[in-house]
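Down below is the structure, laid out as structure tokens.
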Amino acid sequence: MTEERPLLEARQVFRGFFGNPVLKGVDIALLPGRVHALLGENGAGKSTLINLLSGALQPDGGSILVDGKPVERFSPAAARGAGIAVVQQELSLTASLSIAENIGLGAFPRRFGLIDYRALHRGLSDVCDMVGLTEPLDMPVADLALGRRQMVEIAKALFRRPRVLILDEPTSSLSAHEAGILARLIETLRDRGTALLYISHRLNEVQALCSHVTVLKDG
């Protein structure tokens, strides 16, 4: 039986800033149906690696591979097109927009050239159920507590039906109840064949959710 091919992979990637090396030949492979933890102290290079895997940065050396094939000039748009989604620790929501508008931003269903809000709300039903969002979809995100905003951010990633989901400290602002919902969601996505990369300083979460671990130290 042959091992499944990684959906997303970094091979011997190097990256520096202003002559200072940050990543020094890092390898990581994200396989379908696997929750892979990325650990390390602050400054170890975790955020830089996430940015390389999501196309926000380009490596100085080495390769990023999607479905086993090296990609040139990997960009955020190319990553989204390949089914890669990232939930960053710093939220990317627009407070003045509604829950529905934030989740659908950049992927709105359209009718006659206009946003089809009825279709948008229908399409959001499943992802909102998955993350436990029960608030009215037309509520402005500004009216939500921080933990609820985090769940909107996760729903936004799920709305794009990712093949690879990267979660950067996803429980940092969640209540115990919300963290439990997220844990069950991760297990569901894993069982569906999604490749997940989980970044956390909370080792109890890593032990409960992850089957594989990569540890970064000084890049």
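The values are calculated or read from the model by the stated rules, or taken from the named source; none is laboratory data. Predicted model, so just to flag it, every value in this text is computed and none were measured. Neighbour counts are summed over all protein chains in view; Cβ atoms, including those assigned to glycine, are modelled from backbone coordinates with ideal geometry.
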Inset, instruction - Might you let me know whether the stretch 148-167 holds any residue that is polar (S, T, N, Q) and in contact with a His (Cβ under 9 Å, 6 or more places away or on another chain)? - result: no
Inset, instruction - Using the structure shown, decide if Gly16 is over 14 Å from the mean Cα position of the chain (by Cα) and either modelled with pLDDT under 90 or outside any loop (DSSP other than H, G, I, E, B) (or both). - result: yes
Legend entry - Residue list for the stretch 11-31, restricted to those being touching a Leu at 6+ places or on another chain (Cβ under 6 Å) and under 21 Å from Glu187 (Cβ atoms): Leu30
Inset, instruction - Can you confirm whether the stretch 139-149 contains a residue that is modelled with pLDDT under 90 and either of a type in the set (S, T, N, Q) or surrounded by 15 or more Cβ atoms within 10 Å (Cβ to Cβ) (or both)? - result: no
Legend entry - helices (runs of 4 or more DSSP H) enclosed by the stretch 26-133 - at least 3 residues per element that are over 26 Å from His177 (Cβ atoms): 46-53, 76-81, 117-131
Inset, instruction - Tally the residues that are within 22 Å of Arg73 (Cβ to Cβ) and either buried (at least 16 other Cβ atoms within 10 Å of the Cβ) or under 20 Å from the mean Cα position of the chain (by Cα) (or both), restricting the search to the stretch 25-39. - result: 5
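One line per residue, one yes/no per condition, for (1) surrounded by 19 or more Cβ atoms within 10 Å (Cβ to Cβ); (2) of a type in the set (Ser, Thr, Tyr); (3) over 24 Å from Leu158 (Cα atoms):
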residue	(1), (2), (3)
Glu9	yes, no, no
Glu41	no, no, yes
Thr48	yes, yes, no
Ser63	no, yes, yes
Ala78	no, no, no
Gly81	no, no, no
Legend entry - Candidate set: the stretch 1-13, residues that are farther than 20 Å from Arg163 by Cα and part of a strand (DSSP E or B); chosen: the one modelled with the highest pLDDT: Gln12
Inset, instruction - Taking the residues in the stretch 181-219 that are among the hydroxyl-bearing types (Ser, Thr, Tyr) and touching a Gly at 6+ places or on another chain (Cβ under 9 Å) as candidates, determine which candidate is farthest from Val35 (Cα to Cα). - result: Thr214
Legend entry - Criterion: in contact with a Lys or Arg (Cβ under 8 Å, 6 or more places away or on another chain), in contact (Cβ under 8 Å) with a residue 40 or more places away in the chain and not assigned by TED's automatic domain parsing to the domain that holds Leu203 - qualifying residue of Ile99, Ile154, Ile103: Ile103
